[in-house]
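Chemist: Please see the structure below; I have some questions.
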Amino acid sequence: MTCHIHNLKEVSNHYGEDGKPDIAVPERCFLCGKKDCRFELANLDQKYSEIVFDWGYMCSVCYKRYDSEKYHWNGKDWDKRCTKCGEMKNMSLFYQRKSTQTIGGKTYPRNDPTSWCIDCTKEWGNSLSLAKKALNNKNI
């Protein structure tokens, strides 16, 4: 049997000793397709029921996004909420900034999206330019 919403196959109706559903750990994250990474068992409908179809393994990045109010999985890609305009937009509509994260003394490179979408960032930049021009015109 397959869950029509999440396209997951039922592995078992039993629960392990840890109380979590006994679902086989996949080779790839079922959302982004990443493999060879740490997987987290996530409750898909966030009601934490005992139905096996409501659980699935995701990579740690997708797990954190799936549990966040800022992100939404649209079925093929991630959407993110712009903190300026408040709209949910595709992640491709946000600038990516390079950063690093240190875990256990080891530093890893990361690409994180900005908080504002590209449109809001450009709008802010344009308003800043206009303000500078107005200030320069006053000084003349």
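FYI, it's all coordinate maths here, none of it is from the lab. Just so it is clear, the model here is predicted, and its values are computed rather than measured. So basically every Cβ, Gly included, is an ideal-geometry build from the backbone, and we count neighbours across all protein chains shown.
Chemist: Tell me which trypsin sites (Lys or Arg not before Pro) from segment 51-83 have a DSSP coil assignment and no more than 15 other beta carbons within 10 Å of their own.
Modeler: Here the trypsin sites (Lys or Arg not before Pro) that fit, given the DSSP loop and packing criteria, are LYS70, LYS76.
Chemist: GluC sites (Glu not before Pro) within segment 35-140: which are DSSP loop residues with at most 13 other Cβ atoms inside 10 Å?
Modeler: When the GluC sites (Glu not before Pro) of segment 35-140 are filtered for loop state and at most 13 Cβ neighbours within 10 Å, GLU50, GLU69, GLU87 remain.
Chemist: Now, a different point. Taking 25 Å as R0, compute the FRET efficiency from the Cβ-Cβ separation of LYS34 and LYS122 and round it to 0.05.
Modeler: The calculated FRET efficiency here is 0.20.
Chemist: If each residue of separation counts as 0.36 nm, what is the full-extension length gain between HIS72 and LYS133 once their alpha-carbon separation is subtracted?
Modeler: The HIS72-LYS133 span can extend by a further 18.0 nm.
Chemist: Could you derive backbone 3J(HN,Hα) for segment 58-71 from the dihedral phi with the Karplus parameters 6.51, -1.76 and 1.60 (θ = phi - 60°), listing whole Hz in sequence and x where the residue is Gly or Pro?
Modeler: 10, 5, 5, 5, 5, 4, 5, 5, 4, 8, 9, 6, 6, 10
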